[in-house]
Amino acid sequence: MVAYKHIIWDWNGTLLDDAWLSVEITGQMLLERGLPQLTKQRYQEVFGFPLQQYCARLGFDLEGESFEALSDEFILGYERRRLECVLQPHALGVLQAIKGAGLEQSILSAYRHRTLLELMVHFRLDDFFVAAIGVDNDRGEGKIANGKCWLEKLPCAGSQIVLVGDTLHDLEVSQAMGVDCILLPGGHQSRSRLEASGARVAGDLTEVLTLLEQKL
């Protein structure tokens, strides 16, 4: 693993297996409003940022009820059940392998910062990362700005950094930061959407180890 010096990880859907929970909570919200039910396949085809547009694609009436209210309802349901989630398969082994290779790792997430830190402790991941950076809101906003600030603090060039995520937004973040990107299917967006972006797409987390040895 000589191509990079620092790996930035997304959290939700990339290291944490939580897409299923988002499907269940959102599905219940749709059911209560008489809207079409949600499968994981449909979820992965419509989920994206900004979250307001995602809600509109699902059929939520953003004129009849505010996006803020919908977001609060989702977050309440998610936070009640977040500890039902587990890490993605092979996540721990991959993190250990990268650490053993002497590479630094960090987390950059659109998840609320305080809760992200709590989950780091819960999953005993503190020792793997030099930093875990979340946002200061529950709307998924601010990841690009946080990424640019974090880049300024890292002691290596953008060409020596790669961001690993599971959505097209992670690709947008990496492009805004000027760093490489590897995307993973099986999280919050489908493989077909990720591959259509032209980004490198790993089959699973173990394949990330192979791709870390390669530059674009």
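Remarks
- Of the numbered criteria (1) in a helix (DSSP H, G or I); (2) without any contact (Cβ under 8 Å) to a residue 60 or more places away in the chain, the one Gly64 fails is (1).
- Taken over the range 171-198, the criterion of being more than 22 Å from Lys40 (Cα to Cα), surrounded by fewer than 19 Cβ atoms within 10 Å (Cβ to Cβ) and of a type in the set (A, V, I, L, M) is satisfied by Ala176 alone.
- If you go through the range 63-84 and keep only what is surrounded by 14 or more Cβ atoms within 10 Å (Cβ to Cβ) and over 20 Å from Gly165 (Cβ atoms), you end up with Phe67, Leu70, Ser71, Glu73, Phe74, Ile75, Gly77.
- Val46 being over 21 Å from Val173 (Cα atoms), open to solvent by less than 70 Å² (accessible area, probe 1.4 Å) and in contact (Cβ under 8 Å) with a residue 12 or more places away in the chain: no
- The residues listed here are Lys215, Lys148; of these, the one that is charged (D, E, K, R) and modelled with pLDDT of 95 or more is Lys148.
- Look at the range 134-156: where a residue is on the phi > 0 side of the Ramachandran plot and a partner is of a type outside the set (D, E, K, R) and open to solvent by 50 Å² or more (accessible area, probe 1.4 Å), sitting 6+ places away or on another chain with Cβ atoms under 8 Å, you get Gly140/Phe49; Gly140/Pro50.
- Residues (in contact with a strand residue (DSSP E or B) (Cβ under 8 Å, 6 or more places away or on another chain) and either of a type in the set (Gly, Ala, Ser) or exposed (fewer than 13 other Cβ atoms within 10 Å of the Cβ) (or both)) located in the range 99-136: Ser106, Ser109, Ala110, Arg114, Val130, Ala131, Ala132, Gly134, Asp136
- The range 143-169, residues that are open to solvent by 20 Å² or more (accessible area, probe 1.4 Å) and under 23 Å from Pro185 (Cα atoms): Ile144, Leu168, His169
- Residues of the range 11-39 that turn out to be of a type in the set (D, E, K, R) and either open to solvent by less than 10 Å² (accessible area, probe 1.4 Å) or at pLDDT below 95 (or both), as a count: 1
- Subset of the range 9-50 (residues that are touching a strand residue (DSSP E or B) at 6+ places or on another chain (Cβ under 9 Å), assigned to a helix (DSSP H, G or I) and hydrophobic (A, V, I, L, M, F, W, C)): Ala19
- Elements of type helices (runs of 4 or more DSSP H) contained in the range 112-216, each with 1 or more residues being under 29 Å from Ser66 (Cα atoms) and charged (D, E, K, R): 113-122, 143-153, 168-177, 191-196
The values are calculated or read from the model by the stated rules, or taken from the named source; none is laboratory data. It should be emphasised that the depicted structure is a prediction, and the values quoted were computed from it without experimental measurement. Glycine also receives a Cβ, built like all others from the backbone with ideal geometry; neighbour counts cover every protein chain displayed. Side chains included, ligands, DNA and RNA excluded: accessible areas come from the protein's heavy atoms. Shrake-Rupley method; radii C 1.70, N 1.55, O 1.52, S 1.80 Å.
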